[in-house]
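J.: One structure, as structure tokens, below. Some questions next.
The values are calculated or read from the model by the stated rules, or taken from the named source; none is laboratory data. Quick caveat, the model's predicted, so the values are computed rather than measured. Neighbour counts run over all protein chains shown; Cβ positions are idealised from the backbone, glycine included. What goes into the accessible areas is simple: the full protein's heavy atoms, side chains included, and nothing from ligands, DNA or RNA. Shrake-Rupley method; radii C 1.70, N 1.55, O 1.52, S 1.80 Å.
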Amino acid sequence: RMFVPIFLHGNILHIALNLYFELSAGPDMEAQFGPLRFALLFFASGVSGNLLSDAFATNGVGASTACYGIIAVSFASLAVQWGGLSSEQKQAAKQGVMQSVGFLLFWEVMNWNVIDHYGHGGGFLGGFLLAVALDKRHAIC
């Protein structure tokens with residue numbers, strides 16, 4: 001129940017949307033963290049999302065838990081770098097985060113009855129926390 005749902009999907013559109021996201025965001029994230037750390041971030045986010053989903057008896061399927069974790073990794077990277085950004089970079093980052101958050105909230109609301117909100121939240125939280133822990137600049141891992 002923790003690992004297998006990452007590979008299961010509800011329908012063709014579900015897997016297509018997950019694959020689109022993974023193929024558009026994954027390569028940059030893999031280049032930033034390296035293949036092993038990226039795989040750890042992806043699968044740990046998926047597992048953390050599935051754990052929260054199971055805790056609330058939602059039991060969703062799909063790699064969306066891991067995808068939300070990857071989104072959180074980009075937010076965590078910004079949070080870790082924030083002090084070293086120029087005011088222009090901070091403004092651009094704020095705008096990008098607000099657009100992402102707006103889209104994600106819209107997506108969650110528009111698909112309210114079919115989305116595993118706990119899984120998405122757990123994946124996001126797990127991805128954020130693990131990305132901060134794995135950040136090379138702080139030599140935590």
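J.: If R₀ is 22 angstrom, what is the calculated FRET efficiency for the pair E108 and N59, using the beta carbon separation as r and rounding to 0.05? Walk me through the numbers on the way to the answer.
T.: Numbers: r = 18 Å, r/R0 = 0.81.
For R0 = 22 Å, the calculated efficiency reads 0.80.
J.: How high is the relative contact order of the chain, given as a whole-number percent (alpha carbon pairs under 8 Å, six or more residues apart)? Can you show the working numbers first?
T.: Numbers: 187 pairs, mean separation 49.3, N = 141.
About 35 percent, as a whole number.
J.: Separate question: Let me check something: with ligands and nucleic acids excluded, how do F106, F75, F128 order by accessible area (1.4 Å probe), largest to smallest? Could you put the intermediate results ahead of the total?
T.: Numbers: F106 120, F75 35, F128 60 Å².
The ranking, largest first, comes out as F106, F128, F75.
J.: Which of L51, L41, L17 ends up with the largest GNM mean-square fluctuation for the chain, with Cα atoms connected below 10 Å?
T.: Evaluated over the chain, the most mobile residue of the options is L17.
J.: What's the carbon and sulfur percent of segment 4-134's accessible surface, probe 1.4 angstrom, rounded to a whole number? Write down the numbers at each step before the final one.
T.: Details: 5090 of 7210 Å².
C and S fraction of accessible area: 71 percent.
J.: Can you list, bin by bin at 5 Å, the percent of alpha carbon pairs in the chain, starting at 0?
T.: 2, 11, 18, 23, 20, 14, 7, 3, 1
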